[in-house]
Structures are given as structure tokens and as C-alpha cells.
Amino acid sequence: MLAYNKLGCYDVIQEVLTMALKFIIGRSGYGKTHECLSLIAKNQYQNIKNNLIFIVPEQFSLQAEKDIIKETTGKGIMQAKVLSFNRLAYTVFSQTGYPKTQPLTDTSKAMALKKIILENKDDLQYFKKSADKQGFMQQLSTTVSELFRYDISGNKLLAIANATQNNDILKMKLSDLALIYNSYKSFIDNGYISSDEALDLLYEHIDSSKLVKGADIWLDGFYGYTPQELKIIGRLLVNAASVTVTLTMDSYALKEKSLPMTNVFFETKETYLALCKLAKDNNVDIEEPLILTGPQRFKSTALASLEKEFTKAMPSTVDETNDIEILTAPNAFDEAETVALKIISLVRDKGLRYRDIAILAGSLEGYESILRTVMSECKIPFFMDSKQSITNHPLVELIKGILEIFLFNYSYDSVFSFLKTGLTPMAQQDIEILENYCLAYGIKSYKWNFEKWSYGLTEGENSEKYLKINSLKDEFLSFLSPIKNCFAHNKKCSVSQISTAVFTALETMGVAQKLLALSDKMELEGNIAKAYENRQCWNIVMDILDSMNEVLGESVVTLKDYFSLFDSGLSVCQMGIIPPGIDNIIIGTLERTRLPKIKALFIMGMNDGVIPSPDSTEGILSDDERESLETDGVSLAHDGTRRAFEEHYLIYSAITKAENYLTLTYSSGDLSGKALLPSVIINKILNIFTSLKVQTQTDDPLHIFSSPAIAFHHLGQGLTEENNALWLASLKYFETAEEWDERTRLLKEGLANKRPDERLKEDTTKEIFGDTLFSSISKLERFSSCPYSYFMSYTMKAAERPVYQLSTPDLGRLFHSVLEDFSYNLQENKLNWQDLDKGQITTLVTDAVDRQAPSLGNEILLSSHSLMYLVKRLKRISVRAIYTLAMHLKNGSFQTFAYELGFGVGQQLPPIAIDLKDGKKMLLTGKIDRVDILNKDGTTYVKIIDYKSGSKKFDLSQVYYGLQLQLLIYMDALIKNGQSLLGDNIAPAGVFYFRIKDPMLSADGELDAEEIEALITAQLSMSGLVVMDEKIVRAMDNSITRTSKIIPVGYKASGGFTSASSVADVKSYKQLCDYSITSARIIGEKIKAGNIQILPYKEKGRTPCSYCPYLSVCGFETGDPNFNCRNLKPLGQKAILEKIKDTE
């Protein structure tokens, strides 16, 4: 007998208990949970004094409490306790006394495991390299929990490891796990109670618990139990008056001795057999099972038929399909929109409440963010039943950032990841100013320790910019001072000291107050979930810091180890969000989400490889290793094959949850357009319901208009259709609706594809350019490339922010500087190119590079070892280039006349003046890299060389199209205006590009030194246009026999120039120069007229857009009918010269 005392517990009067194991057996939807609740209610109404315990999985406990309150009109919860196994443990401990004093949270457990890894890293055989990998600690924590649940000790692991002969990897893994497990066990034995061992401790104390003694216990919602849980059930059977277990299966499965793994009810049958054995082992009677024979849930005959036929290997066909739908959409976003429209219809037309509806998916990955967006836009209230990681929350990024600043020595990423969290006191505008300065001058590492910065601040220490930049630097460094002071004298500090420094830094920056203010603002805006998320994240982070102090407080670690410990704590922390209201749809997963009584269910993502899932995540132990352990008598969680059949049971459970309506959806493609296949489950259901058709969104186009948000998403496409009267009417609605007017305006602009004006107004151009256009030839070439690009670059002066990095133009400028420096030294020392040997060239070039390299981009070439190595490579390239140029001169009669010969005010030659319309002028300035001359027969022959570090080659067709005007305009200017320098009779000899590059050679066999030198020289030959005069050609290359290795000329065997030779007679040369001037004049007039067309050229499929920094501004797209290209047809030299004559 048991007597009920004032404390609400039972006093033992007589030790007579009627112990029994009972089963409630029924298929899904047959009322097993309802039967449990009815029995609990019946016990309450009959005033039976036994304790009533309702044990469910942890994630189902909240819904179970709601169900009990509803079933017992609110009174049953006072007598019946809804518990999970872990909650049962802590409830028993509260009565019997805690076996240990300090609970170990998941965070503390992660810290403890990380500490064990750090302390034993040298002794680990397999996990030594894996320990720092992303996600490892979470997997390790899960594996340790699994070892506890399946009652496997460290010593047992070690014994198996020692006995393992033919699998070295498994042997090492088991040895490492044994070391970690035993160390962890020793740690928690020191006064901690962990959820891992809670059930083991419960097993030891449950017999003395008055809670379970003589109680009536129900276990519901489980389809299987771990060995740890089975041990507890064994003690419940011995101590309780009755234990009732619900299992989902039918009478056939119950009667069979065993079932094949392919049977949906295989798992529940195995559980039934295990529980029966447990009862017999404990001499507990097993009552005749209560078999529920008919469906109770379904209000739809189609859903009842689906439940009945789905589990059959050979299902019968069913005609009734009214309440089942299968929908397909092009992608996940459209799939979510389709579901939202159906929900709106159910609420509007069927009278359902949002709480009557649920959405499930195999996994929320890929769907969660989309569903949040779509449901919010459609104003459908929802609760997302998922745990959110906090690793991307700004608070976490702030703390990790402040630690990474020291770990990565003030790297750009760590500094500005920290500042851009939005939680520091520094204003956003100031952060941008500081960031731009740091990018431009390469501020990182040791430069943050300079007392003052003066890079680029030429105005002096009292200038506003100088004071501003240094003030921002000091403000930023003040945020770091608590951490910096902590490690001021030691490379290692205690965990407690570092945690205190981190908290002090947060306190100094006012982070808590900022988060609170942000949360309050979000609440006022109606974003309750986000506000709660901010507050919860702060509490979680504080818990992590507290756990680190409690578990590891006095441990002395490096900052790197502290960061690793903090990261381990983060890896197991997730935020659970409280439902924002009562009337919400529930969004969750097949496995995790416990649904209340719902009338309509949507299962999304019914695609092949998603439902059922391939289950590719094996964890620390692979499926093969688990199978090997099973052979050795060690049972762990099921392998991938078994889990796949378990998922089949979960799918069956899910599709039978709804009372009235079931909708299955899948995508025909992913967001990138890749085709996706439907799940085998779709095909199975279509085979059952032969008249069921897969629907698409286009089957009911009017359905889109159920939601303004979704209608607006399709409005743009709809307006482009031919029969668009309905969409035009919709457009009028959106134009008059205040909340949509701005988005509608932007949509209309997009549809009109309103490109920038193609011409500036006359008064604007007059104000910008005045009467004289000042330009350069390279700018004119840019205009020919694309007028809009010219406008953005030179008129608007729009530029990307400067970044402290080395680019191809930087190298070009360096090569030019080195050549200029080299040439200047030759003049100073009265040396000739032809007289230099390779040793002298090497010395002179090395000195020139050493002088010029520091001046490039704020000493960027001296900022790292890799760039300093690049300087050595640049020296080699420069030596090779200048040596080749010297060889060119040695092999000819031309003499170097000038370097960097300038056109413009204050230069050796006046600017190039070109008359424009209406008496206007264009003045062109520039510099010729090098001018060589040959005085012969009273005529000065001129050779112009332009140095190029890129891949540019002389191309006559590009001259014709205005893309290469520079060389010929320079030649024209020298001939017409160079008399003061070169005499009265000046004639062209040739114009050339010389590419400064590092030659790459390929050959079939071995080459001697002379052959290698010849190949290099050939690769460094110049491209250009030569006057068709054999005397001039020989003067440029007196070593030529058939093909020159210096200039683009070759001779036929029969005499005369080859067709591949780039030559032109004097008359054609003059025509080309005149044509280049005319092209420049036309371009100048277009610029003065305000032409800013988006009109890039297109040549052989290439456009300049691929390297244009303004592409995102103009929005040009190749193939878009709204944009045009200037198509350049390939032309030969003969055709070009003919066209130029025609132009004249």
C-alpha cells in the first residue's frame, strides 16, 4: 500500500506492487497519444493517487504539456509530470539529493574536451591534425555522448584498439577516443554532473526515488531507445506500478517474430522485442497489448487511404485524391511562393487558422532563409522550429575579431571585421575613412604601433586630415587596450584573466547597452524575434565566458589556445527562438519537429537525394568502422544503411500527420538552373493515386494574385508578355498603393531599361571643357574604346578607392622609371648603349631598380618577403630588356636621341594642337619613351619606341578604329614640329612597341647557350610599322638575312619583303599619320559635343568591359538588345590602306 503525504510523495505502507509492462500498438494516426492522455485524465478523474509520469523525447515535451492541459481541462498537469529521460534524472536528483554539485553544460563540456585535446595533443595518434578543423569539436562532443549512451567505457575502447590488427586507422581512432573519454570521465568525476552520465547516475539512484515508486508511467513518441535509456526503463519496470509504451506498427508486425529491415515498422518491432526481453529479465509481467484498429486522426478518406497503402510493398490503387496535392516549381524560391499562396487560400477559403498548418522539410538548409523572406513578405505569421547558430552574430564576430587582431598581427581583415560589426563606438563614416586610408597605404602589422601616421599627409602635423586620421587610429587602439594590457608582460595568461579582459573591452565599448538599444528598436518595429535573438546571444556569450572561468579559470594558456577554447564553446551553442504568438504556422524538419493536431501539412523539398537523404555525414567513426565494431560486440548508433530505413519510417510518420490536407512540393531545378528530379516518394504516391496529377504554378495563374508580394515578384515578367491586360491592371494597383509606390517606380525604370543620357547638355559641356579641350592620346584611345568609360574616368573622375597592392600598371610605371633612370645615368656618365657589356648593364640596372623600387606605391615592394623577391625578378627582367635594347642598337646604325621626350607646356616640344569645329582647339600632351635617329644624306630618319609591360602589340586595324593612335600621332608631331630639335628635313623610319617581359621558352630537345639567346631575342623583338626602304631596314638591323629578330620585317628568297612584314611606303606612312590626326579630331569633337554613349567596341568576341571598372555603373550586357557594340571587322593592311585613301 502507498499513502499520499502532505509533501506530495508516497509513503510505503506495504511493499506490494503490481508491476506490469503494457503496450499501446497502432499505426500512425490511430490515436496512441490520445489513448495515453485519456488514461492520464481517467486516473485524475478517479482520484487515483499514484504519480502519473508522461515521458516523451526532449523536443516534444512542450507540446506534450499543452496536450495534457487540453485533455484534462488544465488540472492534469498538477498531478501528471511531463518529462524527458534527462528531466526525469534531474527531478529524481532533486528528491534524492544531487550525486554531484556542479552541472556541466554543453558549453562547459566543449571547453573541457578542448582542454583535454590541448593537454594531450602530443599523445594523440589520429586526431592530432584534425583537432583544429572546423566542426571537429562538435563531432567529438557528439561521439563522447554516444559512447555514454551506449554504455561503452574508455577501457573497453582501449581493449578493442589493442586487439585490432588489420585496421590501423580504426586502431588509432579508438586509442585516441579512449584517452579522451577517460580524461573526460576523470574531469567530470571531480564534482561535475554531465548530461552524458545523468542517466547512469539516475540508474544508481532511481530505486530510492519516491517519484517513480508505484507510479503509472507512459512512454510516448519514441520508436527506439539507447542502451542507457533501456537500463532506466528496466528500473522503471521494477519500481513503477505500470509502464505503458506506445509503438507505431500494425497487428501483422506485432505477430511476426521479426521483420526485414525494409519494413517501415522494423525499428519499432526491434524496440518491442528489446522491451519484452527487458521485462522478462526483470520478472515483470507483460500484459496483452492494446491494439488500436482504426484511424482516429484523418478527416479525409484520401489521407486515410495514403496511411494504409504507403507501408505496403504492393499498394492498391486509390481513386479519391481530393485532399492530396503534388506541386512542382522551377526552384526553391518559387516552391516557397507556391506554398505561401496555398496557405493563404486555406485560411481564406477553408476557414483554417495559421496554427492549423505546418511546413516540414527533410532539412531546412536551403529553405530556411527563403521561407523567412517569403512568409514575412506575404504577412503569414510563422514559427521556425530550428536552432540557430550564433557564430555569425555581430557580438560573436566582435569578440573573435578583437582576439584575431592580436593573433594575426593587426591584419586588414581582422581589424575591419571587428570594426564593421556595428557594435564599437566608432561612427560608420569614421570607419570608412580609416579603412580607405589603411587600404591606400597598406596599414597593417607593425605600422599600427607607430606613434603617428604621416603616409600621404603632406600638409603637416597640424592639418585637419592628419589630426583626423591619427585620432581615429588612437580611438581604435583604445578598444584593444584591455587585451593588450593583459599580455603586456607574458605570452601566456590564465583563462580567467583573459576572459576578464574581454569583458572589460566589451564594457569599455558599451556593447551591452548598444545591443539593448538595438533590441528595443527592433521591438518597436515589430521584429520581436530579432530583438529576442540579440538579448539571447548576449546571455549565451556571457555563459561561455562564465563556463571558461568555471572549468578552466586558472589554466594558463596562450591567446591562440584561448581563441580555440572560445571557438569550441561557440560550436555547441545554438539559439532556440520562442514562438512569437499563438496563431502561427510551424516550420520544421521531419525528424525534429513535434506537431500538434494540424489540419494541413506541406512537405517541401521532395526531391531525389533530399527526401530520403543520402546521409553522407559519417562523423568521427565511418559506417565501415561502426560495422567492424559491431562485429566485435560493440553497438553504437546505427550506420548509414540502417539510418536510411529509419528515415523511411520518419517519412511515413510525417505524411500521416495532417487531418485534412496534405501537399507535397518539389523543385524541378536549383537556383542556378541545374535540373533536379522528384523523390521516389512522389512516384510511390502517384502509383497509389493514379488520377493524381502534378500541378505547376501556371496551372492556375490567377492564384498568384492571392498575395500582393508574390504578384509583385512576377509583375515585371508579366508586363513583358503579349496578353498583359491583367498585369497592366495590377500595375495600376501597385502604383496607387502607398507601400508599393517606390518599388513600382524602380520596377518601371528597370522595365524601360532607362539608360544614362547619351549626350551631355550643351551648357554642361561648355562649363566642363571651355573653348579648348585639353587631353592626351591615351585618353582619346579610351574614348574609342567606349565613350561612357571615358566620361566616367576623365570627366566625372570616378575611381576605385586606392588599395595598397601591386598591379600591372604599377609594374609598367616601375619599368618606365628604371629605363628613364638607366638612360639618365648613361647621359651623366657619357656612355653609349652600344658600348655596354652585360656586366655593366646588370650593375646599372640593379642600381636603378634599387633607387626606383622604394618610390613605387608607398614602398609596397619592400612590404613583404614575397614582394622583395619580386624585386629580384624585376631586376632580372629589366636587365634582360635593356640588354636586348642595347643589342638592337649594336646591330644597327641608329643612335639614341632622347628619352621621355615630352609634348606640352614646359616640355621639349609644344603640345600637339588640333583644330576642331567652330574655331575650338584640342591640345594633346604626352611623352615619347624613346626617340632614335639616323642622319643620312641630309635627312634625319626618326624611330619611335614605346615601352609596354603588358601584351599590347602594334595592330594596323586598331589604328584604323582609333584604338592605337599614339605612335603615329607622335611621329606626325615630330615630323611637323621637331625641326628645332632634329633639323628641317625629318622623315619617318618606324614606330614600335617594345614589350618588357620575362620570356618563356619551349623546345623539343636540348639547346645550347647561343640557341637559347637567339630564342629569347626573337621573343623580345619589337612590333610596329617600318618604312618600306631597304636602307632604313638595314640601318635598324644589319644582321638580317631572311627574318629580323629585332623588327617585324622579313625577306623573300627571291627578294623583296614578305607578306608578313609590317611595312609601308613613305606615302602610305604619311596617309596613316594624317588619318590618325583626323581620327583624333573626330574623337575630340565628339567629346566636346558631350557624347557619353555606352558603346564599347567588340573585336573577335572580346570587349573592353571585362576589365572596365565602370561595368556595374552602366549595366552593359553583351547580347542585351537594349545595348549596342561597335563591331570591329578584322581588316588586312592592304584593305586598311585602301580605306584610308578613300577617306582622304
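The values are calculated or read from the model by the stated rules, or taken from the named source; none is laboratory data. Note that this is a predicted model, so its numbers are computed, not measured. Here the Cβ positions follow ideal geometry from the backbone for every residue, glycine too, while neighbour counts run over all protein chains shown.
Going by the conditions given, is ALA501 of a type in the set (A, V, I, L, M, F, W, C), assigned to a helix (DSSP H, G or I), in contact with a helix residue (DSSP H, G or I) (Cβ under 8 Å, 6 or more places away or on another chain) and surrounded by 14 or more Cβ atoms within 10 Å (Cβ to Cβ)?
Spelling it out, ALA501 is indeed of a type in the set (A, V, I, L, M, F, W, C), assigned to a helix (DSSP H, G or I), in contact with a helix residue (DSSP H, G or I) (Cβ under 8 Å, 6 or more places away or on another chain) and surrounded by 14 or more Cβ atoms within 10 Å (Cβ to Cβ).
So which pairs qualify, if the first residue must be in segment 58-71 and under 20 Å from TYR90 (Cα atoms), the second must be part of a helix (DSSP H, G or I), the Cβ gap must be under 9 Å, and the two must be at least 6 apart or on different chains?
Listed pairs, sorted by first residue: GLU58/PHE85; GLU58/ASN86; GLU58/ARG87; SER61/ARG87; ALA64/THR33; ALA64/LEU37; GLU65/ILE77.
Is segment 552-574 home to any residue that is touching a strand residue (DSSP E or B) at 6+ places or on another chain (Cβ under 6 Å), more than 25 Å from GLN138 (Cβ to Cβ) and modelled with pLDDT of 85 or more?
Checking segment 552-574: at least one residue is touching a strand residue (DSSP E or B) at 6+ places or on another chain (Cβ under 6 Å), more than 25 Å from GLN138 (Cβ to Cβ) and modelled with pLDDT of 85 or more.
Mind counting the residues in segment 347-356 that are farther than 20 Å from ILE710 by Cα, of a type outside the set (Lys, Arg) and touching a residue at least 24 places away in the same chain (Cβ under 8 Å)?
So the count comes out to 2.
Take segment 114-131 and flag every residue that is touching a helix residue (DSSP H, G or I) at 6+ places or on another chain (Cβ under 9 Å) and either within 16 Å of VAL572 (Cβ to Cβ) or surrounded by fewer than 15 Cβ atoms within 10 Å (Cβ to Cβ) (or both).
Answer for segment 114-131, where residues must be touching a helix residue (DSSP H, G or I) at 6+ places or on another chain (Cβ under 9 Å) and either within 16 Å of VAL572 (Cβ to Cβ) or surrounded by fewer than 15 Cβ atoms within 10 Å (Cβ to Cβ) (or both): LYS114, LYS115, ILE116, ILE117, GLU119, ASP123, ALA131.
From the list ILE286, ILE326, pick out the single residue that is over 21 Å from GLU35 (Cβ atoms) and β-branched (Val, Ile, Thr).
Matching residue, one of ILE286, ILE326: ILE326.
Listed here are the residues, each with its yes/no results for (1) part of a helix (DSSP H, G or I); (2) touching a helix residue (DSSP H, G or I) at 6+ places or on another chain (Cβ under 9 Å); (3) among the basic types (Lys, Arg).
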| site | (1), (2), (3) |
| --- | --- |
| ALA279 | yes, yes, no |
| ARG297 | no, yes, yes |
| GLU320 | no, yes, no |
| ALA340 | yes, yes, no |
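For segment 714-740, give me each residue that is farther than 22 Å from GLU337 by Cα and in a helix (DSSP H, G or I).
Within segment 714-740, ALA725, LYS732, GLU735, THR736, GLU738 qualify.
Within segment 275-284, which residues are of a type outside the set (Lys, Arg) and either farther than 14 Å from TYR223 by Cβ or at pLDDT below 95 (or both)?
CYS276, LEU278, ALA279, ASP281, ASN282, ASN283, VAL284
Output yes when any residue across segment 1106-1117 is surrounded by fewer than 12 Cβ atoms within 10 Å (Cβ to Cβ) and closer than 20 Å to PHE783 by Cβ, and no when none is.
yes
Name, by its number, the condition in (1) within 29 Å of the chain's Cα centre (by Cα); (2) surrounded by 15 or more Cβ atoms within 10 Å (Cβ to Cβ) that does not hold for ASN539.
(2)
Considering SER369, SER376, which residue is touching a strand residue (DSSP E or B) at 6+ places or on another chain (Cβ under 9 Å), surrounded by fewer than 20 Cβ atoms within 10 Å (Cβ to Cβ) and without any contact (Cβ under 8 Å) to a residue 40 or more places away in the chain?
Unique residue meeting the criteria: SER376.
May I ask you to list the residues in segment 383-435 that are charged (D, E, K, R) and in contact with a strand residue (DSSP E or B) (Cβ under 6 Å, 6 or more places away or on another chain)?
ASP385, LYS387
One line per residue, one yes/no per condition, for (1) within 50 Å of the chain's Cα centre (by Cα); (2) closer than 30 Å to LYS185 by Cβ; (3) not assigned by TED's automatic domain parsing to the domain that holds THR593:
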{"site": "TYR203", "(1), (2), (3)": "yes, yes, yes"}
{"site": "GLY224", "(1), (2), (3)": "yes, yes, yes"}
{"site": "GLU229", "(1), (2), (3)": "yes, yes, yes"}
{"site": "THR246", "(1), (2), (3)": "yes, no, yes"}
{"site": "ASP250", "(1), (2), (3)": "yes, no, yes"}
{"site": "PRO260", "(1), (2), (3)": "yes, no, yes"}
{"site": "VAL264", "(1), (2), (3)": "yes, no, yes"}
{"site": "CYS276", "(1), (2), (3)": "no, no, yes"}
{"site": "ASP285", "(1), (2), (3)": "no, no, yes"}
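Yes or no, residue by residue, for (1) modelled with pLDDT of 90 or more; (2) at positive phi:
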residue: PHE408; (1), (2): yes, no
residue: VAL415; (1), (2): yes, no
residue: THR421; (1), (2): yes, no
residue: ILE431; (1), (2): yes, no
residue: ASN436; (1), (2): yes, no
residue: LEU439; (1), (2): no, no
residue: SER445; (1), (2): no, yes
residue: LEU480; (1), (2): yes, no
residue: HIS489; (1), (2): no, no
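Taking helices (runs of 4 or more DSSP H) that do not extend beyond segment 359-424, which have at least 1 residues that are over 17 Å from the mean Cα position of the chain (by Cα) and under 30 Å from ILE704 (Cα atoms)?
368-377
May I ask you to list pairs of residues, at least six apart or on different chains, whose Cβ atoms are under 7 Å apart, with the first in segment 160-171 being closer than 18 Å to ASP623 by Cβ and the second being among the β-branched types (Val, Ile, Thr)?
If the second residue must be among the β-branched types (Val, Ile, Thr), the pairs left are ILE160/VAL634; LEU170/THR164; LYS171/THR164.
What pairs can you find where one residue is in segment 224-243 and within 12 Å of LEU275 (Cβ to Cβ), the other is among the polar types (S, T, N, Q), and their Cβ atoms are less than 9 Å apart, with a gap of 6+ or different chains?
Close Cβ pairs (under 9 Å, with a partner that is among the polar types (S, T, N, Q)) amount to GLY224/THR268; GLY224/THR271; TYR225/THR271; GLY234/ASN282; LEU237/ASN282.
It is to be established whether one or more residues within segment 888-898 are part of a helix (DSSP H, G or I), under 56 Å from the mean Cα position of the chain (by Cα) and under 19 Å from ILE1046 (Cβ atoms).
yes
Which residue is surrounded by the most Cβ atoms within 10 Å (Cβ to Cβ), if the candidates are limited to segment 450-488 and must be polar (S, T, N, Q) and in a loop (DSSP other than H, G, I, E, B)?
Here the residue is SER454.
For CYS493, work out the one condition from (1) closer than 30 Å to VAL144 by Cα; (2) in a helix (DSSP H, G or I) it doesn't fulfil.
Against the list (1) closer than 30 Å to VAL144 by Cα; (2) in a helix (DSSP H, G or I), CYS493 comes up short only on (2).
Any residue at all in segment 468-482 that is among the β-branched types (Val, Ile, Thr) and more than 21 Å from ASP567 (Cβ to Cβ)?
The answer is yes; a qualifying residue exists.
Matching residues to (1) out of contact with any strand residue (DSSP E or B) (no Cβ under 6 Å at 6 or more places or on another chain); (2) surrounded by fewer than 13 Cβ atoms within 10 Å (Cβ to Cβ); (3) aliphatic (A, V, I, L, M):
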{"residue": "SER679", "(1), (2), (3)": "no, no, no"}
{"residue": "PRO701", "(1), (2), (3)": "yes, yes, no"}
{"residue": "ALA711", "(1), (2), (3)": "yes, no, yes"}
{"residue": "HIS714", "(1), (2), (3)": "yes, no, no"}
{"residue": "LEU719", "(1), (2), (3)": "yes, no, yes"}
{"residue": "GLU722", "(1), (2), (3)": "yes, yes, no"}
{"residue": "LEU726", "(1), (2), (3)": "yes, no, yes"}
{"residue": "LEU731", "(1), (2), (3)": "yes, no, yes"}
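Across segment 119-160, what is the number of residues that are in a loop (DSSP other than H, G, I, E, B) and hydrophobic (A, V, I, L, M, F, W, C)?
Looking only at that region, the number is 4.
Do we find a residue being under 22 Å from PRO911 (Cα atoms) and modelled with pLDDT of 90 or more anywhere in segment 796-810?
Among the residues of segment 796-810, not one is under 22 Å from PRO911 (Cα atoms) and modelled with pLDDT of 90 or more, which makes the answer no.
Would you point out the residue of segment 1118-1137, among those that are of a type in the set (A, V, I, L, M, F, W, C) and touching a strand residue (DSSP E or B) at 6+ places or on another chain (Cβ under 9 Å), that is modelled with the highest pLDDT?
LEU1128
List the number of the failed condition for GLY553; all other conditions in (1) crowded, with 17+ Cβ neighbours inside 10 Å; (2) under 21 Å from ILE116 (Cβ atoms) hold.
With respect to (1) crowded, with 17+ Cβ neighbours inside 10 Å; (2) under 21 Å from ILE116 (Cβ atoms), GLY553 is out only on (1).
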